[in-house]
Every structure is written in structure tokens, then in C-alpha cells.
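A.B. asks: Structure incoming, see below.
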Amino acid sequence: MPFCSKCGRPVEGQFCSDCGQPVVAAAPAGEAPLPSAAPAAAAMADNVAGLLCYPLGFITGVIFLALAPYNQSKFVRFHAFQSIFLSVAWLGVWIVERFIDRVLLLISWHLVAAIDLLWALVGLAFLLLVVLLMVKAHQNQRWKLPVIGDLAEKQA
């Protein structure tokens, strides 16, 4: 006869009649008892998932759009799409930067060096924008960027 692991009383059936504790069936000698049910995987909170959409831009945005519990949340979908669109915008800025650098290189090497300082400031501004978006997502806020945020809201 099994005994309750919580109160020690004899148990008939699957639950203790005194305290309600489920009883794990006794395993054969030398084996560990099996749990009655496997614990469910805990999902992240939406604000943490929204925050994690931004660090790797396009990659993490697509990952959170593909993961099952998060692709149903409008909040996470908004931040994932905004992250993807911001990455595409950054790629466009980078292509324009490379083109301008090549044209200026034909004119003067000194112009390229001066303009590269400007591009470094633009890159720093994008980095600060991503950090700001991560903070806003962690605070459960939908902070929309002017054009990109509207596109993300339509997709979410």
C-alpha cells in the first residue's frame, strides 16, 4: 500500500484523501519514480520577447514571428516587424553610405575621411535608437517610429 509523501497516511487511489497530494506510483527496485505529469515549458513575458526582437534586428525579428506562443501576440508581432523594417532601413542607409564613399573617393580621399565621421555618428544614432526601442518594449510600450512604426502596426 502506498503512503502519501506529504502527510504520511496510507493512500488508496491516485490522491491522498486527507491532503489531496497526488501519489507517484512506486517504481521497480533500482529505478527512479516517474513524475505524474511533465512540467509545461514556461513562456517569456511579452515585454521580454518584444525587447529580444531588437538585438540582432532582422534575425531576431523573424525568429519571434516564427515561434509559436509569440507569433499570436500583437505586441510581440509589432516589435518584431518594427525590428525587421528598421534593419531594412539600416541596410538602405548603409548601401547609400557605401555609394557616397565610392563617389567621394574619386574626388578626394580627405572628403571620405571627413564624411566617415558623419557616418559614424549616424551609426551611433541607430544604435541608440535600437537601445531606446528595447527599453520601451521592456516597459510594455508600443513606441512607433514615424514611418516604420505605421508599417509594423499594419503587419501586426
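Read-outs throughout are calculated quantities, based only on the coordinates presented, and are distinct from any laboratory measurement. From a predicted model like this one, the values you see are computed outputs, not experimental measurements. When we count neighbours, we look across all protein chains shown, and the Cβ atoms used for this are built from the backbone with ideal geometry, even at glycine.
A.B. asks: Taking the number of other C-beta atoms within 10 Å as the exposure measure, put H138, H79, H110 in order starting with the fewest.
C.D. replies: Details: H138 14, H79 31, H110 9.
Sorted ascending by nearby Cβ count, the order is H110, H138, H79.
A.B. asks: Whole-Hz Karplus ³J(HN,Hα) for segment 46-52, in order, using 6.51 cos²θ - 1.76 cosθ + 1.60 and θ = phi - 60°, x for Gly and Pro?
C.D. replies: So the J values, rounded to whole Hz, are 4, 5, 6, 5, x, 5, 6.
A.B. asks: Helices from the chain with mean Kyte-Doolittle at least 0.5 and a Cα length along the axis of 18 Å or more, per DSSP H: which? Present the calculation step by step, with values, prior to reporting the outcome.
C.D. replies: Details: long enough: 74-107 (49 Å, 1.20); 109-138 (44 Å, 2.04).
Helices passing the filter in the chain: 74-107, 109-138.
A.B. asks: Quick query: amide H of F15 versus all other amide H atoms, modeled in the peptide plane; which residues come in under 5 Å with a sequence gap of 5 or more or a different chain?
C.D. replies: Those lying under 5 Å, H to H, from F15 are V23.
A.B. asks: In Å, what Kirkwood hydrodynamic radius results for segment 46-155 from the alpha-carbon pair distances? Spell out each step's value before the answer.
C.D. replies: Working: mean 1/r = 0.0673 Å⁻¹.
Hydrodynamic radius (Kirkwood, Cα only) of segment 46-155 equals 14.9 Å.
A.B. asks: Using mean Cβ contacts within 10 Å as the protection proxy, how do 142-152, 49-59 order, highest first? Let's see the in-between values first.
C.D. replies: Working: 142-152: 15.0, 49-59: 20.1.
Highest-to-lowest ranking by the protection proxy: 49-59, 142-152.
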